[in-house]
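Okay, structure first, notes after.
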Amino acid sequence: AALAVAGAAVGAWWWAVGARRGGAFVLGAAASGPACEWTGQAPFDFEVVVPGAIWRNGEFQGQRLAIREGRRVWLQDSDWNQLLIPVGRLATADLYAVEASFFLPPAPGERSIVLQLFTDPVGDGAATRHGVGLLLVEPEGRVPEFRWGRGVDTTPTAPAYGGILPMPSLAGGWHKLRVEGSLARCWQRAMIDGRPLLTARGECDLRGGFLLLGAGAPAYQAAGAAWRDLRLFTGTAACQ
């Protein structure tokens, strides 16, 4: 396995969104109200490596800056991949939003995408603690699914909530993930391509200092995933 912080070290990876049952409940899937306003804080277009970023992946191929369809992207070409980016100003904001676009190529075997917020890497391996996460899974020959979980420690447990994605496949096209939420009131809303997936309220642990973009594939197969247009926002009080 590989670990990099603008350099290289060794590590492993835990491919599960940490969660704990009983602390969260889902209220439904609804968009923000019309009075809600979001202000952009930090665009990341992957022209250069994001300052302070940490990346961890398996031994097969790896991760790097690349160009796809004429656009700068972060390419995740190992069988498991993590890119951790400092949350910056979101650490001191109450209302926040994070969005990023991803691409998965058509390929055999199960493929996965993860967006995790307010997490921290743990040790030399790939475990994380703190945060909330959205995991997208496309099993071979089946419709894609999503799983929502909350990370409270380094022990992987069952996702708090999950369901079927509103599309026949994730592969072969770009999709935009967005998560909105409140640090103080501990609610989150997750969307894909502008369509609400879930709204969750309840206990959460948002003490971590990183955002995590990840991708997975069967062992010794390239995930071939790409990320672009990472955007961070802070919101007004009407964003609920």
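Laboratory data are not the source of any read-out in this text; all were calculated from the coordinates shown. Only a predicted model underlies this, so the values are computations on that prediction, with no experimental measurement involved. Methodologically, a virtual Cβ is constructed for each residue, glycine included, from the backbone with ideal geometry; neighbour enumeration extends over all protein chains shown.
At a glance:
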read-out: Sequence-distant residues sharing a close amide H with Arg64 (under 5 Å, placed H); value: Leu75, Asp77
read-out: Length-normalised contact order for the range 88-240 - Cα pairs under 8 Å, 6+ apart - percent; value: 36 percent
read-out: Simple label model, 7 Å out from Cα along Cβ direction - Trp174 to Leu65, nm; value: 1.9 nm
read-out: Globularity ratio of the range 121-240, using Cα Rg and 2.2 N^0.38 Å; value: 1.12
read-out: Contour minus Cα-Cα distance for Ile164 and Asp193 (0.36 nm per residue); value: 9.0 nm
read-out: Span from the the range 88-152 Cα centroid across to the the range 221-240 one, whole angstrom; value: 10 Å
read-out: Simple label model, 7 Å out from Cα along Cβ direction - Val122 to Val49, nm; value: 2.6 nm
read-out: Computed E for Glu140/Ala42 - FRET, C-beta separation, R0 35 angstrom, nearest 0.05; value: 0.45
read-out: Pair Glu203, Asp94: separation of 7 Å Cα→Cβ label points (nm); value: 2.4 nm
